[in-house]
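Written below as structure tokens is the structure these notes are about.
The values are calculated or read from the model by the stated rules, or taken from the named source; none is laboratory data. Just so it is clear, the model here is predicted, and its values are computed rather than measured. Here the Cβ is made from the backbone with ideal geometry for all residues, glycine too, and neighbour counts use every protein chain on show.
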């Protein structure tokens, strides 16, 4: 069970989502546009946001971009009738944790919500470390020395994967398959974008750099 913010402007779709997710014992709060969604997020705490892309007063793209800009780490599942690779990659590159195209089944939606919550560290309390870097998966927080660094759910999962394979070069395809459960299109830069974002958090403020790029091969923590 999770407390979910559903952001959807179509009343019929919103009602169907509300009915289906409530039947799964989730607690739902709704918002009908982008501005209302950000207001809700500022006033309350949610375990996941189910976010439509096509919204008035701020699209889903704008909402998630603003969430991440403000440091909001709440996991986001984007919903859209746009099923192109470019749309999915755009959502993931902006910081979404998953992307589901319409129409969809409630069973699949419910399973994806459960998977995102698991990946966000619910119920886990393990800690991974390398050099002066530690990852608290449950709290979605990295620590370097005495500095605590908040992470998004996807940043947490990406850093966990790198730490679990420290010293081993991980290809972009390997990372995409394990973090986003997707096969990369030749033009996709979702891995590069998220590696860059992770570096900005855990490497750039510090003299010792831990995440390294091996051109043509992939990424490694060492």
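Worth pointing out:
- Residue within the range 148-156 that is in the same structural domain as residue 209 (by TED's automatic domain parsing), modelled with pLDDT under 80 and touching a strand residue (DSSP E or B) at 6+ places or on another chain (Cβ under 9 Å) present: no
- At least 2 residues being surrounded by 19 or more Cβ atoms within 10 Å (Cβ to Cβ) is the threshold, and among the helices (runs of 4 or more DSSP H) wholly inside the range 129-222 those reaching it are 153-164, 190-202.
- Positions within the range 31-47 being within 15 Å of residue 17 (Cβ to Cβ), crowded, with 19+ Cβ neighbours inside 10 Å and modelled with pLDDT of 90 or more, in sequence order: 31, 37
- Restricted to helices (runs of 4 or more DSSP H) entirely inside the range 1-99, those with at least 1 residues that are touching a helix residue (DSSP H, G or I) at 6+ places or on another chain (Cβ under 7 Å) and within 23 Å of residue 155 (Cα to Cα) are 34-43, 60-69, 85-94.
- Hey, residue 103 in a loop (DSSP other than H, G, I, E, B), free of Cβ contacts under 8 Å to residues at least 12 places away in the same chain and either within 26 Å of residue 15 (Cβ to Cβ) or touching a strand residue (DSSP E or B) at 6+ places or on another chain (Cβ under 7 Å) (or both) or not: yes
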